[in-house]
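Below is one structure; the comments refer to it alone.
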Amino acid sequence: MSEYPLTSEKHPGRFQSHLFKIYPWLEYSEKNTVFCFPCYLFSSKPSRKPGSDTFTVKGFNCWKKVNDGERCVFLTHMGKRFKFNSQICYQVLGNFEKSVMSY
């Protein structure tokens, strides 16, 4: 999409398409939220910690937390262990498809 809808009138903000280049693991939902595609596919048991299901179940849409320097929610998510494990599984899946297609 060239322009994404505003989250709310009270706190206007919207997803920006350039984020796909910076964070290629993002998956945009028609509910105006984003998910971590590898975590959505490969995360195991949900954690009981508050907010741990943001990128796998609920979706994220608090856009003001995106351009927050080192506290950027996407950078924070990338640093978590479950994200790392999900990313490895996602890469293996991608390599598996290429290796299967070569036979």
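A short reminder: the numbers here are calculations on the coordinates, not readings from a lab. Quick caveat: nothing in here was measured; it's all calculated off a predicted structure.
The gain in end-to-end length when the MET1 to LYS58 segment is fully stretched comes to 18.4 nm, 0.36 nm per residue minus the alpha carbon separation. Applied to segment 53-66, the Karplus parametrisation 6.51 cos²θ - 1.76 cosθ + 1.60 on θ = phi - 60° returns per-residue 3J(HN,Hα) values of 9, 4, 8, 10, 10, 7, x, 10, 8, 9, 5, 5, 8, 7 Hz, with x for Gly and Pro.
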